[in-house]
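See structure below.
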Amino acid sequence: MGLLIENAAQIVTCHTRGRKFKAGKYQSEIGLLKNASIYAENGKIKWLGKTLPANLKKLVIRKINAKGKCVLPGFIDSHTHLVFAGSRADEYSMRISGSTYEEIAKAGGGIASTVKAVRKASKKELKELALKRIINSVTFGVTTLEAKSGYGLNSDNELKMLEVINELNRELPVDIYATFLGAHAFPKDKTKTEYIDEILYEMIPKIAENDLATYIDAFCEKNYFTPAETIKIFRQGKKFGLVPKLHTNQFYSIGGIKAAVNSGALSVDHLEVMKPSDINILTGTGVIACVLPTVSYFLDIPYAPARKMIEKNIPVTIATDFNPGSAMSENLQLAMSMGVHLLKMNVEEVINSVTINAAAALGISHYTGSIEAGKQADMVIFDTPNYRDILYHFGINQADTVIKNGKIIYH
Ligand SMILES: [Zn+2]
């Protein structure tokens with residue numbers, strides 16, 4: 001009935017000791033086991049330790065020899081925009097050569113170009129594009145992803161994006177959690193009030209009725225959505241069962257952190273610009289700080305003060321923010337490397353940030369994000385005896401086998 005991963009040089013459990021996430025000094029604690037094995041049955045981890053008990057031994061039907069390798073919890077990318085169409089490679093090139101935002105917009109670039117391409121694309125086209133990206137992500141050790149809408153900016157197309165995410169979740173072995181991000185930007189063909197009304201009274205009820213999303217998100221930023229508008233959207237989302245997460249403090253600190261904390265958000269994401277008062281508001285709330293170093297790298301903007309937040313006991317997660325405009329990479333291991341070298345997090349903090357804390361950012365840390373008996377058997381085996389090699393030996397991919405719900409999904 002079961003799967004045995006035997007004789008791993010190291011098992012990095014990221015165990016929680018009953019906590020939902022790891023913060024402060026605990027974010028460095030990874031729960032290392034040496035020369036140990038893991039037994040999984042019916043998609044769940046049943047046992048881990050040195051010698052498999054005889055009663056379980058006879059149930060093993062598949063064995064993986066992990067001698068000289070290390071096993072980690074499956075990585076979780078808790079913030080992506082992986083459903084989109086079109087390419088912004090030309091815009092990227094213009095930006096690198098010094099073109100201004102206005103020049104790029106005039107040439108048909110920016111989020112408007114992605115919106116146009118998504119509106120034109122069929123569900124089938126969007127799915128095919130997203131599938132390739134999900135496979136890329138899995139090869140780097142990811143077993144759970146979050147994906148947002150936000151390039152439709154009208155009822156039909158926001159729902160179309162969410163339907164694509166839901167179909168991919170049903171058809172693929174990985175878990176993909178959907179976030180409704182209608183409040184990503186304002187469409188050109190409506191006033192702000194008209195569009196917010198469409199979000200509140202048309203999109204949210206339809207999404208809830210069709211059970212198309214778990215979370216609700218907004219871009220709380222100067223020239224986008226104000227804290228008051230964000231609170232209004234979150235209030236309506238919550239009424240329909242959606243859990244808030246917030247894009248905030250990317251360019252300006254305008255009160256998004258407070259709006260998110262007061263709305264009961266699971267996470268606040270971006271945080272490149274944090275005033276001391278923002279950090280104080282976040283401290284002690286248990287809201288996860290989701291930092292996105294690939295965006296800072298790609299856009300050449302400041303990096304989130306992850307080190308400072310860890311010192312203030314704020315749980316930190318790293319995600320890719322994979323999207324066509326500001327972080328065109330599915331590679332979570334690349335974001336992890338940036339976590340060490342640009343955010344000044346230690347190796348253990350980074351590993352916890354993409355496992356247990358990423359699970360907490362999605363509110364699912366009670367069943368995934370660590371290797372513990374009773375949890376979902378989501379694991380990744382790396383072809384190295386020392387987990388530190390995953391970050392030390394950078395720029396290559398040492399993920400050897402990816403296991404989701406006790407089944408090998410990549411080798
Ligand atoms: Zn984002």
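The values are calculated or read from the model by the stated rules, or taken from the named source; none is laboratory data. These numbers come from a predicted model, not from an experiment. Quick reminder, even Gly has a Cβ in these numbers, built from the backbone with ideal geometry, and neighbours come from all protein chains shown. These area figures cover heavy atoms from the full protein model, side chains too; ligands, DNA and RNA do not enter into them. Shrake-Rupley method; radii C 1.70, N 1.55, O 1.52, S 1.80 Å.
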Please give the number of the condition residue 287 fails out of (1) more than 22 Å from residue 153 (Cβ to Cβ); (2) within 15 Å of the ligand (Cβ to nearest atom); (3) within 18 Å of the chain's Cα centre (by Cα).
(2)
Please go through the stretch 313-344 and give me each residue that is touching a residue at least 60 places away in the same chain (Cβ under 8 Å), away from the ligand (no atom under 14 Å from the Cβ) and assigned to a loop (DSSP other than H, G, I, E, B), ordered by number.
313, 314, 315, 331
What number goes with the only condition from (1) closer than 21 Å to residue 354 by Cα; (2) among the β-branched types (Val, Ile, Thr); (3) within 16 Å of the ligand (Cβ to nearest atom) that residue 230 does not pass?
(1)
Here is a check on your reading of the model: is residue 62 open to solvent by 60 Å² or more (accessible area, probe 1.4 Å) and within 25 Å of residue 185 (Cβ to Cβ)?
no
Out of all the residues in the stretch 360-372, is one or more touching a His at 6+ places or on another chain (Cβ under 9 Å), within 30 Å of residue 112 (Cα to Cα) and either at pLDDT below 95 or part of a helix (DSSP H, G or I) (or both)?
yes
Tell me, which residue of the stretch 23-59 that is over 26 Å from residue 317 (Cβ atoms) and assigned to a loop (DSSP other than H, G, I, E, B) is most open to solvent (accessible area, probe 1.4 Å)?
58
Looking only at the stretch 112-158, how many residues end up being open to solvent by less than 20 Å² (accessible area, probe 1.4 Å) and hydrophobic (A, V, I, L, M, F, W, C)?
11
Collect the residues in the stretch 367-394 that are within 20 Å of residue 319 (Cβ to Cβ) and not aromatic (Phe, Trp, Tyr), keeping them in residue-number order.
368, 369, 370, 376, 378, 379, 380, 390, 391
Selection count, the stretch 194-213, where residues are part of a loop (DSSP other than H, G, I, E, B) and away from the ligand (no atom under 16 Å from the Cβ):
3
Right, residue 91: without any contact (Cβ under 8 Å) to a residue 12 or more places away in the chain and either farther than 30 Å from residue 385 by Cα or assigned to a loop (DSSP other than H, G, I, E, B) (or both) or not?
no
Look through the stretch 202-227, keep the residues that are of a type in the set (Phe, Trp, Tyr) and more than 20 Å from the chain's Cα centre (by Cα), and return whichever of them is surrounded by the most Cβ atoms within 10 Å (Cβ to Cβ).
225
So for the stretch 9-16 (the condition being free of Cβ contacts under 8 Å to residues at least 40 places away in the same chain, open to solvent by less than 10 Å² (accessible area, probe 1.4 Å) and in a strand (DSSP E or B)), does at least one residue qualify?
no
If a residue must be free of Cβ contacts under 8 Å to residues at least 40 places away in the same chain and touching a Lys or Arg at 6+ places or on another chain (Cβ under 8 Å), how many such residues does the stretch 205-233 contain?
2
Just to be sure I understand the filter: pairs with C-beta atoms under 9 Å, separated by 6 or more residues or on different chains, first member in the stretch 265-286 and within 21 Å of residue 237 (Cα to Cα) and in contact (Cβ under 8 Å) with a residue 40 or more places away in the chain, second member aromatic (Phe, Trp, Tyr) and more than 16 Å from the ligand (Cβ to nearest atom). Which pairs pass?
286/21
Restricted to the stretch 239-262, and to residues that are farther than 19 Å from residue 358 by Cα and surrounded by 21 or more Cβ atoms within 10 Å (Cβ to Cβ), which residue is nearest to the ligand (Cβ to nearest atom)?
250
